[in-house]
Structure formats: C-alpha cells, structure tokens
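Read through the structure below, which is laid out as structure tokens, and then see the notes.
The values are calculated or read from the model by the stated rules, or taken from the named source; none is laboratory data. Nothing here was measured: the structure is a model prediction, and the numbers come from that model. With ideal geometry, Cβ positions are generated from the backbone for all residues, glycine too; neighbour counts draw on all protein chains shown. What goes into the accessible areas is simple: the full protein's heavy atoms, side chains included, and nothing from ligands, DNA or RNA. Shrake-Rupley method; radii C 1.70, N 1.55, O 1.52, S 1.80 Å.
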There are 2 protein chains.
Amino acid sequence: MKSFIEYGKVTNFPLQNIPFGVCEINGERRICTALGSYVIDLKMLEELGYFDEIMNKNGKLFSYGVLNHFLSLGRVISRTARKILQELFDEKNPLLRDNAEHREKCIHHMNNVKMLMPILIGDYTDFYSSREHATNVGEMFRGKENALMPNWLHLPIAYHGRSSSIIMSGKEVRRPKGQTRPDPDKPPVFGPCRQLDFELEMGFFVGTGNPLGESISVDEAEEHIFGMVIVNDWSARDIQSWEYQPLGPFLAKNFATSISPWIVTLDALEPFRTEGPKFEKELLPYLHTKGNPTFDIKLEVGIKSEKMTEPAIVCRSNYKNLYYNMRQHLAHHTVNGCNTRPGDLMASGTISGSTKDSRGSMLELTWRGTEPLTLPTGEERKFIEDGDTVIMSAYCENKEYRIGFGEVKTKIIP
Amino acid sequence: MKSFIEYGKVTNFPLQNIPFGVCEINGERRICTALGSYVIDLKMLEELGYFDEIMNKNGKLFSYGVLNHFLSLGRVISRTARKILQELFDEKNPLLRDNAEHREKCIHHMNNVKMLMPILIGDYTDFYSSREHATNVGEMFRGKENALMPNWLHLPIAYHGRSSSIIMSGKEVRRPKGQTRPDPDKPPVFGPCRQLDFELEMGFFVGTGNPLGESISVDEAEEHIFGMVIVNDWSARDIQSWEYQPLGPFLAKNFATSISPWIVTLDALEPFRTEGPKFEKELLPYLHTKGNPTFDIKLEVGIKSEKMTEPAIVCRSNYKNLYYNMRQHLAHHTVNGCNTRPGDLMASGTISGSTKDSRGSMLELTWRGTEPLTLPTGEERKFIEDGDTVIMSAYCENKEYRIGFGEVKTKIIP
C-alpha cells in the first residue's frame with residue numbers, strides 16, 4: 001500500500017495510518033487526516049463528493065468543528081471512511097492523483113496549519129493500570145507494605161479527572177500554585193508547586209457510547225472505542241501527597257492534561273495486537289478478555305531544558321506493559337450502568353515498565369527526588385523546572401511501516 | 001412585592017424567587033421561570049420584546065435549549081433579567097397583566113409541562129465539606145482514630161464526579177451492579193449493590209468561568225456563581241468501600257446523581273445570608289472569607305416505600321451546617337489555575353448536622369446498617385430498597401415568604 005503523496009519510510013503517518021484530527025485552515029476548524037508531512041482537509045473532500053457513498057445514509061461526516069458526530073456514528077462508518085481515504089490516496093488511483101485542482105484544495109503542508117482540540121470531551125477518566133507504577137507510587141506514598149492496595153489485582157482502579165483543562169500539545173502549562181505541607185510538624189504553606197511532574201499515558205476516545213443503566217461487555221468494548229492519543233497527565237506531587245486522602249487527586253491533577261493532536265484508530269493498530277500480562281488473581285468474569293487484547297506501542301519521554309537544543313530521552317516504555325487493557329477499562333467503567341458519550345476520554349494511567357528507565361514519571365525516575373537525573377548539559381532534575389519542555393512520543397512499527405501518534409510537547413512556564 | 005399571578009403564602013416560587021429552569025413546551029426546550037404554580041416561558045417573553053433593554057447589548061438571552069449562554073453573561077445580566085421579571089409580574093404593572101394574549105402565550109400551569117436538564121454540565125465536582133459527615137464516614141470506613149484526615153481542617157477536600165450521569169428529578173435510577181468484597185477473607189464478588197444510599201447535598205452552577213492558568217479569589221467568587229440546586233449524590237456503599245482506595249470513589253458514585261430542576265439565584269438567597277462556622281485551624285489567606293459567606297437553607301429528606309402513600313421524613317438538616325462555604329469551594333478549585341466554564345456544577349458533599357436526625361445519608365442514619373430506621377408502615381430500612389422513592393427538598397423562609405428549591409425525587413428500580 002503506497003500513496004501518490006510521497007513520504008519516507010519512517011513517517012508516523014503512512015497510508016496505513018489515517019488518523020483523525022482537527023486543524024485550523026483559513027481561520028476555520030477543519031476535520032482532517034495526516035499523510036506523511038501533509039494534512040488532508042476532509043471537509044473539503046466531503047464537499048467535493050468523495051464521501052458520497054457513506055453520506056447518503058448518514059448525513060455529513062466531516063462538516064463540523066469537532067469529531068464528536070463522526071465518533072457517534074460508530075466503527076463501521078469510521079472503518080469505511082478510512083478505507084475510502086486509503087483507496088483515494090493510493091498511488092494507483094488516478095481520481096484525485098490526477099486532479100490538480102482538487103489536490104490543491106484539500107492538501108496542505110503540516111507546517112502551514114495549526115492543530116486544534118479534535119473533540120469536545122464530555123467526561124475524562126484516568127485509570128491506574130500499570131502494576132509497576134501503582135507499586136512504585138504506593139511504596140513512596142504509603143510505604144512498602146501498603147504499596148499495592150488489596151483491590152488493585154481485582155479491578156482496574158480509576159478516578160474522574162477534569163475535562164475543562166485538557167489541552168493540546170504545544171500549549172504551555174503554567175506551574176500551579178497550591179497548598180502543601182512540606183514539614184508535617186508545621187501548618188501547611190501556600191506557593192508554587194515544587195514537585196511538578198509528567199505522567200506518560202495513552203488514552204482512548206469512546207465512539208458510540210452506552211445509555212445510562214446499561215453496560216458494555218469486554219467482548220463488545222472495542223466496537224465502542226474510536227481511537228487513541230498520547231496523554232501527559234500533569235501532576236503536582238507535593239500538592240497531591242497533602243490533598244489526596246481520602247477522595248483521591250484533585251488540584252494536583254486538574255490544572256492541565258496535555259494530549260497529542262492525532263487520534264489513531266484501533267483499525268490502524270490492528271497489526272500490532274499482542275497478548276496482555278498474566279493475571280495473578282482470577283478476575284471476575286466481567287473482566288475476562290479473549291485473544292490479544294492489547295497493543296505493542298513504543299513510548300518515549302524526552303526533556304529539553306532551555307539550555308538544550310535536543311531533548312534527552314529519560315524514559316522508554318510500552319503500552320503493552322499495562323496490567324489491564326482497554327476492553328477491561330470500558331467494561332469496568334460501565335458495569336454499574338454508568339453512561340458514556342462519544343468523545344469521552346479514558347486514559348490508562350502512567351505506563352511504567354519493570355526496568356528503571358521505563359518508569360513513566362519523574363516521581364519514579366528520581367524516586368521522589370532522591371536520585372536526580374542528570375541531563376546532557378550537566379543540569380540536574382528531580383522534577384520538572386520552569387522552561388523545561390516535555391515531549392512524549394508513541395508509535396508501532398513492523399518491517400514495512402510505522403503507525404505513529406506524533407507527539408505531545410509541552411513547555412512549563414512560571 | 002406581590003404578583004398578579006396568585007399563589008399562597010407557602011409557595012416555593014413567589015415573585016421574590018424567580019428561579020431559572022428549562023421545560024418542554026409543545027415538544028420544544030424552553031428556558032423558563034416559576035411563579036407559584038405556573039411556569040413562564042422566557043423565550044416567548046423575549047420574542048414578545050420584554051427583554052429588549054438587555055438584549056440590545058447581549059443578543060438573545062433565552063432563545064436556547066439550555067441556560068449555559070445566559071450563565072456566561074454574568075451576574076449583572078442575570079440580576080437585571082430577574083428584576084425585569086419581578087417588575088413585569090408585579091400586580092401593579094398593567095403591561096403584561098392586562099394583555100390576555102401575551103399572558104396566554106407565556107404562562108403555563110406546572111402540571112402541563114415537563115422539566116428538563118437546564119444546563120449542559122461540563123465538569124462536575126463534589127466537595128466533602130460537612131465536618132460531621134466526614135467524621136462519621138471516616139469513623140466507619142477507617143476507624144475513630146483516622147476519621148478526619150489531617151488535611152481536612154486545612155482545605156475543602158473534593159473529587160471530580162461524572163457529568164454524563166447527572167439526571168433530572170423524576171428520572172428513575174436503576175440499582176447499580178458492581179464488584180464488592182463482603183467477606184475480606186474471600187475473593188470479591190459481583191452482583192447488584194446491597195448498600196444503596198442517598199447523599200443530601202446542595203450544588204452551585206458556575207456562571208462566568210475563569211481561563212486556564214488564572215484563579216478566582218474568595219472575594220470575587222460569588223460574582224462567578226449563578227445559583228443553586230438540590231443534589232442527591234447516589235452512592236453504592238459496598239462498591240465504595242472496596243474500590244475507593246487510593247484514588248477515591250468511582251463506580252460507587254458515577255451511576256447517577258440527581259438534581260432539582262429549578263436553579264435558585266444567589267440574589268434570591270441574599271436575605272438568608274448567615275455566618276459560617278468558626279474555623280478550628282487558622283486557614284491560609286486564600287481561604288479567608290469576610291462577612292456572612294453562607295446561607296440558611298432548610299433541608300429535608302423523605303423516603304416513600306411502595307407501601308406508603310406519603311414520604312416519611314428521615315433527615316432534617318441545614319446548608320449552614322457546612323464547614324466550608326461556596327466562596328472557599330470556588331477559590332480553592334481554581335487556586336492552581338484550573339479553569340471553570342459556565343454550567344460547571346460544584347456540589348457541597350453530604351450536609352450532615354450535629355444531631356442524629358440531621359445526618360444526610362443512610363450510611364450515617366443507620367450507622368452502616370447497624371441501627372435500621374423503621375418506616376411508619378413498620379418496614380425496616382438499613383439502606384434504600386428497590387421501589388423506594390427518595391425525596392429531598394430545600395427552602396429558605398422568613399416571616400413574609402419562602403424561597404424554595406422544590407424537590408429532587410427519585411425512585412429506585414431493580
């Protein structure tokens with residue numbers, strides 16, 4: 001499968017990917033896809049009639065400012081739209097290839113457009129599904145004996161996050177202020193967070209949801225999942241350790257959550273399926289998944305201080321490290337009848353692995369600041385400093401091509 | 001102040017109230033207010049020109065299906081709109097009083113309309129601001145020594161809830177299923193919740209919000225608050241006690257949260273201001289509030305089993321029992337730069353008082369089922385059973401009139 005749009009072998013966005021996003025073109029929000037270094041305006045393609053075969057039954061797919069409506073149509077439609085695009089941009093198909101006027105109207109170089117929030121996110125849920133991460137954090141916050149709570153091996157723990165502060169890659173984050181208690185023998189103090197941290201996560205967007213009072217089973221779950229993005233769940237560790245009991249993280253997390261702009265569909269990830277971990281405890285039947293329920297997605301985190309010209313990679317992890325998979329996430333979330341809506345975001349929780357360099361947060365990488373990282377410039381980092389840029393990237397790869405997510409890149413300002 | 005629309009002295013909705021809601025009239029969503037037993041169609045009034053003086057600058061106020069746009073305009077506009085309505089419906093004002101055609105177009109009896117969700121709720125936050133409730137629950141879940149966490153007297157604890165499952169009074173709630181561990185020596189089990197509970201709360205809707213990275217101070221807070229509703233934060237106690245550590249309640253709460261249909265403005269509550277509690281610990285300056293920061297709002301909870309014809313009152317509490325007030329809620333929520341949007345809902349947490357009959361949940365009223373309540377029919381209740389209807393009501397009262405919230409009424413189905 002090859003496109004008449006040229007791209008090298010290592011692009012994130014070959015014809016096999018076809019991710020969905022929203023960008024600004026001529027001051028207007030446009031639903032788009034990516035091919036190599038180009039952005040394709042799907043509203044324009046729709047207006048030019050290229051989606052007529054699915055539009056007849058479903059109305060417009062792409063003439064909106066966000067993807068929510070397209071998500072609500074379900075995976076049969078998104079699969080078909082992706083297939084139409086793969087055929088349309090195939091090097092052997094003259095239809096668009098030989099129509100210079102149409103090509104000019106819908107193809108833009110990535111450098112000339114700005115990516116925007118692709119979804120109006122209703123609710124945002126964050127899971128806690130890496131056993132290594134839960135164990136590391138538990139050990140630091142509650143001691144080795146209480147590291148993994150008794151419930152952890154029986155269900156995917158999660159909490160509700162804040163959807164208003166989910167932002168696009170590229171948007172700067174202001175260091176939050178808050179209440180902390182650095183000295184447990186003195187009253188709490190107020191000031192800028194001193195333990196600002198990233199969390200390396202992946203998230204999925206719900207496509208078709210479920211009505212209140214009904215559930216989605218593990219077997220049905222993937223038909224309700226549209227696609228995935230990289231998530232940086234910004235965390236203020238000093239605020240968190242003081243506030244989080246007994247109801248969980250609140251101000252420590254809700255000041256910002258950054259996501260990558262391109263939503264990669266599960267269909268594009270299909271060739272990268274892999275088995276999940278062995279479950280140590282027998283799970284209840286509603287959490288039993290068959291086959292290969294997870295994906296081999298390589299993850300990286302880089303830090304670039306203001307003195308640096310290139311980021312230094314501080315973490316290499318993999319999505320398959322997670323104990324619980326997406327099917328379990330969605331089935332557990334709805335097993336009580338909780339409704340979900342197209343565009344709800346469910347993140348995985350920090351994806352740490354078993355090796356030291358696969359830990360997905362500064363908290364774990366520096367063991368709460370006791371083992372600082374040294375950057376190539378000689379600068380030390382216990383947590384993230386003002387002026388630092390954190391870059392997370394993710395991709396799947398086989399011998400022929402790469403399915404990339406691009407990156408989520410965020411600079412911290414004072 | 002008296003209206004030409006007649007109502008008795010004990011109506012929830014005298015001319016002094018003017019709450020805002022959304023109802024269905026002729027199959028259409030209509031923003032409305034309530035007067036006595038009548039609903040006033042504000043879109044119709046707007047079309048008839050009665051709001052022209054504020055519309056010139058602000059565009060349409062009420063020609064939408066939800067109140068979010070009206071909230072976003074801020075309290076100066078909502079105050080003015082309320083005043084226009086109070087003048088228009090005053091018994092001495094002939095303008096509408098003597099225009100039978102207009103009256104017929106905009107005034108409907110409450111029995112003939114259906115109330116709908118008035119707001120598109122972005123994010124929902126639930127505080128935990130009753131000291132008595134936090135102490136009671138803490139004692140039952142963690143023992144007397146760890147009842148009130150060390151942070152509780154220093155900041156208003158809160159967690160993010162789920163906005164998708166916020167429902168209107170009148171909508172039935174299906175008993176949730178989930179994972180629980182009734183016997184700590186055996187593996188967890190799956191099945192219908194056996195400890196279904198209500199939580200008596202009040203919530204406020206954010207009017208004008210704040211941008212990401214900025215904060216709202218305690219002194220500015222009330223200008224950002226549009227009004228209040230009654231909230232029943234449904235809780236599955238057996239699911240909660242098993243899942244809630246370390247990240248807080250999740251499936252135990254997100255299956256349903258019921259709210260009352262009429263939003264009562266802070267302007268209507270103004271005559272019922274009262275001082276808050278004394279703070280045991282000196283609070284950080286960002287939480288210092290001046291004057292009378294809270295309101296004297298009487299609260300009641302009734303239970304009606306299928307055998308009963310009238311509900312039995314099981315709890316009488318008061319909003320002023322809360323330790324932390326709304327100004328502190330909004331200031332704390334945004335102190336880290338978390339943005340809020342018009343229509344965000346922030347609930348108080350269960351409002352328990354110091355007496356046994358003022359406890360705002362079955363968990364506390366029956367002390368986790370160890371002291372069951374006996375209903376007038378002789379039926380015993382440890383928690384809420386299938387077929388039970390829970391009714392919460394709230395009002396302020398002085399010698400002249402009552403400012404009522406109406407009620408939130410929910411039946412539990414299997």
Legend entry - Count of segment B:189-198 residues which are open to solvent by 10 Å² or more (accessible area, probe 1.4 Å) and either more than 7 Å from chain A (Cβ to nearest Cβ) or part of a loop (DSSP other than H, G, I, E, B) (or both): 5
Legend entry - Filter result for B:Phe272 (at the interface with chain A (Cβ under 7 Å from one of its Cβ atoms) and at pLDDT 95 or above): no
Inset, instruction - Among what's in segment A:334-366 and is basic (Lys, Arg) and under 24 Å from A:Phe198 (Cβ atoms), pick the residue that is nearest to the chain's Cα centre (by Cα). - result: A:Arg359
Inset, instruction - State all residues of segment A:307-323 that are touching a helix residue (DSSP H, G or I) at 6+ places or on another chain (Cβ under 7 Å) and open to solvent by 70 Å² or more (accessible area, probe 1.4 Å); if no residue qualifies, say none. - result: A:Arg316
Legend entry - Pick from segment B:6-60, criterion free of Cβ contacts under 8 Å to residues at least 40 places away in the same chain and either of a type in the set (Gly, Ala, Ser) or assigned by TED's automatic domain parsing to the domain that holds B:Phe226 (or both), ranking: surrounded by the most Cβ atoms within 10 Å (Cβ to Cβ): B:Gly36
Inset, instruction - Say whether the condition of being touching a residue at least 60 places away in the same chain (Cβ under 8 Å), surrounded by fewer than 21 Cβ atoms within 10 Å (Cβ to Cβ) and assigned to a strand (DSSP E or B) is met by at least one residue in segment B:89-98. - result: yes
Inset, instruction - Output the number of residues of segment B:138-171 satisfying the condition of being crowded, with 24+ Cβ neighbours inside 10 Å and farther than 24 Å from B:Arg327 by Cβ. - result: 1
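Conditions tested, residue by residue: (1) open to solvent by less than 20 Å² (accessible area, probe 1.4 Å); (2) within 14 Å of chain B (Cβ to nearest Cβ); (3) not hydroxyl-bearing (Ser, Thr, Tyr).
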residue	(1), (2), (3)
A:Ser241	no, yes, no
A:Tyr244	yes, yes, no
A:Asn254	yes, yes, yes
A:Trp262	yes, no, yes
A:Glu280	no, yes, yes
A:Tyr286	no, yes, no
Legend entry - Residue tally, condition polar (S, T, N, Q) and closer than 29 Å to A:Ala331 by Cβ, over segment B:168-210: 3
Inset, instruction - Answer yes or no: is there a residue in segment A:163-173 that is under 29 Å from A:Leu365 (Cα atoms), of a type in the set (Gly, Ala, Ser) and not in a loop (DSSP other than H, G, I, E, B). - result: no
Legend entry - Out of B:Ala134, B:Ala81, sole residue that is in the same structural domain as B:Ser258 (by TED's automatic domain parsing) and at pLDDT 95 or above: B:Ala134
Legend entry - Extreme residue, farthest from B:Leu247 (Cα to Cα), among residues of segment A:118-139 that are of a type in the set (A, V, I, L, M, F, W, C) and within 12 Å of chain B (Cβ to nearest Cβ): A:Leu120
Inset, instruction - Taking the residues in segment B:264-278 that are among the β-branched types (Val, Ile, Thr) and open to solvent by less than 10 Å² (accessible area, probe 1.4 Å) as candidates, determine which candidate is nearest to the chain's Cα centre (by Cα). - result: B:Val264
Legend entry - Unique match (being at pLDDT 95 or above and under 27 Å from A:Glu385 (Cα atoms)) among A:Ser129, A:Ser164: A:Ser164
Inset, instruction - Residues that are surrounded by fewer than 20 Cβ atoms within 10 Å (Cβ to Cβ): find the strands (runs of 3 or more DSSP E) completely inside segment A:326-414 holding 2 or more of those. - result: A:389-397, A:402-413
Inset, instruction - Determine the pairs where a residue that is at negative phi, located within segment A:105-130, has a partner that is in a strand (DSSP E or B) and surrounded by fewer than 17 Cβ atoms within 10 Å (Cβ to Cβ) with Cβ atoms under 9 Å apart, the partner being 6 or more residues away or on another chain. - result: A:Val113/A:Glu24; A:Lys114/A:Glu24; A:Met115/A:Glu24; A:Leu116/A:Glu24; A:Leu116/A:Arg29
Legend entry - Considering residues of segment B:206-232 that are among the small types (Gly, Ala, Ser), touching a Ser or Thr at 6+ places or on another chain (Cβ under 8 Å) and within 14 Å of another protein chain (Cβ to nearest Cβ) only, the residue surrounded by the fewest Cβ atoms within 10 Å (Cβ to Cβ): B:Ser215
Inset, instruction - Identify, from the list B:Ser317, B:Ser393, the residue that is within 20 Å of B:Tyr128 (Cβ to Cβ) and away from chain A (no Cβ under 14 Å). - result: B:Ser317
Legend entry - Single match in A:Lys105, A:Lys114 (criterion: basic (Lys, Arg), within 30 Å of B:Thr340 (Cα to Cα) and either surrounded by fewer than 19 Cβ atoms within 10 Å (Cβ to Cβ) or not assigned by TED's automatic domain parsing to the domain that holds A:Leu251 (or both)): A:Lys114
Inset, instruction - Can you tell me which residue among A:Lys298, A:Lys304, A:Lys290 is open to solvent by 10 Å² or more (accessible area, probe 1.4 Å), of a type outside the set (A, V, I, L, M, F, W, C) and under 17 Å from the mean Cα position of the chain (by Cα)? - result: A:Lys298
Inset, instruction - Name every residue in segment B:348-364 that is touching a strand residue (DSSP E or B) at 6+ places or on another chain (Cβ under 7 Å) and within 18 Å of B:Val231 (Cβ to Cβ), in order of residue number. - result: B:Ser348, B:Gly349, B:Thr350, B:Ile351, B:Ser352, B:Gly353, B:Ser358, B:Arg359, B:Gly360, B:Ser361, B:Met362, B:Leu363
Inset, instruction - For B:Gly178, indicate whether it is within 12 Å of another protein chain (Cβ to nearest Cβ), crowded, with 17+ Cβ neighbours inside 10 Å and free of Cβ contacts under 8 Å to residues at least 12 places away in the same chain. - result: no
